[in-house]
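The values are calculated or read from the model by the stated rules, or taken from the named source; none is laboratory data. Note that the coordinates shown come from a computational prediction; the quantities given were computed from them, not determined experimentally. Cβ coordinates were reconstructed from backbone atoms using ideal geometry, including for glycine residues, and neighbour counts include every protein chain displayed. Just the protein is used for accessible areas: all its heavy atoms, side chains included, with ligands, DNA and RNA removed. Shrake-Rupley method; radii C 1.70, N 1.55, O 1.52, S 1.80 Å.
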Amino acid sequence: MHDQLRKSITALAFVLSGLAAGAGLAQVPTTPIAFKQDAPDRYVVVRGDTLWGISERFTDSPWRWPEIWNFNREQLRNPHWIYPGDVIVLDRASGTLSIAGRDGAAGATGSGAGAAGRGGLEGGGTVGTVKLSPRVRAESTAKDAIPSIPANIIEPFLSRPLLVEPDGLENAPTIIGTEDNRVIIEAGNRAYVRGIGDSKEENWFIYRRGKALVDPDTNVTLGYEAIYLGTARVSRAGDPATVQLTTVTQEVGRGDKLLPAGAPEVPNYAPHAPSVFMQGRIIGVYGGLGKLGEGGPQSIVTLNRGRADGVEVGHVFALYRPGPVIADASRMTSSGPATFKLPDERYGLAFVFRIFDRVSYALVMRVTRPVNALDVIQTP
């Protein structure tokens, strides 16, 4: 039963898309990267930094991070090689960044014992020499690696279900009774669940099916949002099993569904533009009310493009507000004034961190105006 649930509910299928073969970066830049005039010649990495944030210190094109580090496609998968205390050096002549004192910085993985012995190196940089004092670490430093984007913001969206298939709820465990026959139960209350069976999972998410995610261009239903209600822990096995609610974010009652909880896996792909031109739409702003919901920096948005369309974790999309169609009274036709569509206006960027077959979720990184459903996304 446990395995069937994980197969039937797409929300648990957190599978990173495959990368194209080849050592070279597929995205060919059309213009040279422009470094900011006030970009530092050197920057010391501190705890709390992200790859995106560091890149923004040097350039207004943070999604072109792989180019300024000479990343290849394989290195996009695991950029765990920058740590607090590293000194990043800007070579304005070649238009590249490197880590002072580390040969082949872009090719290093920087985890485990290899990272622990990095101190005490010097030379190897093209802009001066920085001598680093020896550092001894008794444990793996992989957990201290600088992430691509703020992990604390996206972690809840990695473990909690975001999307269910049209029939993905049919076989999920269901609350069939409540403590003292209550209509609504809260944290600390008990509930009785049918369908857990012999599962060894102790912790469960509670959810119900939400609104349909409809592609605005094709009118095809891509899936359904899963509304997160809280968590529960099994206190007595059986069928029905007894669970105790540990946290509640919304009302919970009969008919609500349970999904096994799992540890979140935080992706850390380096930010990069798609290798080909891609375009789609924002079909929802997490927490927004339908088409009226607006988002801002660090909002989560739902995109109508996914794995089947070639979207990868780490892809960066530019956000555009669709230009309106206006009438031009100076040019008349037989049916009235001629109409023209004004250009779409670019206003921000978003970083994809979770993908499904036909839908993906992205973190809004920076915007100059509110993010709305039906706004356009495309390769920056």
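With the crude spin-label approximation of a point 7 Å out along Cα→Cβ, what separation in nm comes out for Asp239 versus Ser334?
7.1 nm
For Asp198 paired with Thr31, estimate the spin-label separation in nm (one decimal), with each label point 7 Å from Cα along the Cα-to-Cβ line.
Those two pseudo-labels are separated by 6.3 nm.
Whole-Hz ³J(HN,Hα) for each residue in the stretch 299-314, computed from phi via Karplus 6.51 cos²θ - 1.76 cosθ + 1.60 with θ = phi - 60°, x for glycine and proline: what do you get?
For the stretch 299-314, the Karplus-derived couplings read 7, 9, 10, 9, 10, 8, 9, x, 4, 5, 9, x, 6, 10, 4, x Hz, x marking Gly and Pro.
Place a +1 charge on the Cβ of each Lys and Arg in the stretch 159-258 and a -1 charge on the Cβ of each Asp and Glu, then give the dipole magnitude about the Cα centre in debye, rounded to the nearest 20.
Values: 12 positive and 15 negative charges, 67 e Å.
Computed charge dipole of the stretch 159-258: roughly 320 debye.
Provide the per-residue ³J(HN,Hα) series for the stretch 219-236, in order, calculated from phi with Karplus coefficients 6.51, -1.76, 1.60 and θ = phi - 60°, each as a whole number of Hz, with x at glycine and proline positions.
My calculation for the stretch 219-236 gives 6, 8, 6, 8, x, 10, 5, 9, 8, 6, 10, x, 10, 9, 10, 5, 9, 8 Hz in order.
Keeping all protein chains in position, work out how much accessible area Met332 exposes to a 1.4 Å probe, and write it in Å² to the nearest 10.
130 Å²
Hey, what do the phi angles of the stretch 50-56 turn into as Karplus ³J(HN,Hα) couplings, whole Hz, using 6.51/-1.76/1.60 and θ = phi - 60°, x for Gly and Pro?
With coefficients 6.51, -1.76 and 1.60, one gets 10, 4, 4, x, 5, 4, 5 Hz.
Provide the solvent-accessible area of Asp357, counting protein heavy atoms only and rolling a 1.4 Å probe, rounded to the nearest 10 Å².
So the heavy atoms of Asp357 present about 80 Å² to solvent.
Less than 13 Å Cβ to Cβ from Asp344, Lys/Arg counted +1 and Asp/Glu -1: what total charge do the surrounding residues give?
Values: positive: Arg281, Arg321, Lys341, Arg346, Arg369; negative: Glu345, Asp375.
Result for the local shell: +3.
What does the net charge come to around Gly255 if you take all other residues with beta carbon closer than 15 Å to its beta carbon, with K and R at +1 and D and E at -1?
Numbers: positive: Arg182, Arg194, Arg208, Arg209, Arg254, Lys257; negative: Glu170, Glu251, Asp256.
After counting each charged neighbour, the total is +3.
What FRET efficiency do you get for Val45 and Val220 if R0 is 41 Å and r is their Cβ-Cβ distance, rounded to the nearest 0.05?
Working: r = 45 Å, r/R0 = 1.09.
After rounding to 0.05, the efficiency reads 0.35.
Taking the Cα centre of the stretch 258-380 as origin and charging only Cβ (+1 Lys, Arg; -1 Asp, Glu), how large is the dipole, in debye to the nearest 20? Mind showing how you got there, number by number?
Numbers: 12 positive and 9 negative charges, 36 e Å.
Charge dipole of the stretch 258-380: 180 debye, to the nearest 20.
What is the list of residues in the stretch 174-206 whose amide nitrogen lies under 13 Å from a point 7 angstrom out from the Cα of Thr246, following Cα to Cβ?
Counting backbone N atoms under 13 Å from the label point, the list is 188, 201-206.
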